[in-house]
Amino acid sequence: MRALVFIVTLFCMGAAIAAEPDELLDDPALEARAEQIDAQLRCVVCQSQSIAESNAPLAKDLRLLVRERLVAGDTNKEVIAYVVERYGDYVLLKPPVQGNTLFLWAFPALALAAGGAGAFFFLRRAKPVPATPISEEDEQEIDRLLEERG
């Protein structure tokens, strides 16, 4: 039972482990803003995690940078703009729709359309296999079996 409690505790701590105690701000309002910003920024090392979820050293540096900018008096938008200026739009988990990111936003729809078109043309070309006529012997055997059953 103790082992089960220990394992469940470890699973629940996943996201809490990322932000280390030395990173946390004393002001709860600023810390809440920092956590909100952390959830919007991508860890450029991990790529599939936000900096709030990542334990990578670069994610820690970015979390510290976010907190440093908030303490300096920046707004949330100014902090995000500062990080984007240094790392590009890729650092955003939801990059803006603009010329250089249009393909990222359009790709899922294009892939779905291409798959649908491929399936349509594949199924359209598929021809039904004509039924092979049953020989008279087989037909007599089927009739005999049906008569036996009922």
Angle between the chain longest axis and helix 57-71 axis [Cα atoms, degrees, rounded to 10]
50
Built amide H within the under 5 Å cut-off of Leu92, gap 5+:
Arg42
Inter-label distance, nm, simple model (7 Å from Cα along the C-beta direction), Gln36/Lys127
6.5
In Hz, Karplus ³J(HN,Hα) per residue of the stretch 127-138 (6.51, -1.76, 1.60; θ = phi - 60°; x = Gly, Pro):
9, x, 7, x, 6, 7, x, 7, 5, 5, 4, 5
Search the structure for amide H atoms under 5 Å from the amide H of Ser50, placed 1.01 Å from N in the peptide plane, and list their residues when 5 or more places away or on another chain.
Cys43
Approximate spin-label separation Ala111-Val44, in nm, with each point projected 7 Å along Cα-to-Cβ
2.4
For the chain, whose charge dipole is built from +1 on Lys and Arg Cβ atoms and -1 on Asp and Glu Cβ atoms, the candidate among Leu92, Leu65, Ala32 with its Cα farthest towards the positive end is Leu65
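Every number here is computed from the coordinates shown, using simple stated rules; none is lab data. Please read these numbers as outputs of a predicted model, since none were measured by experiment. Reconstructed Cβ throughout: ideal geometry from the backbone, glycine too, with neighbour counts over all protein chains shown.
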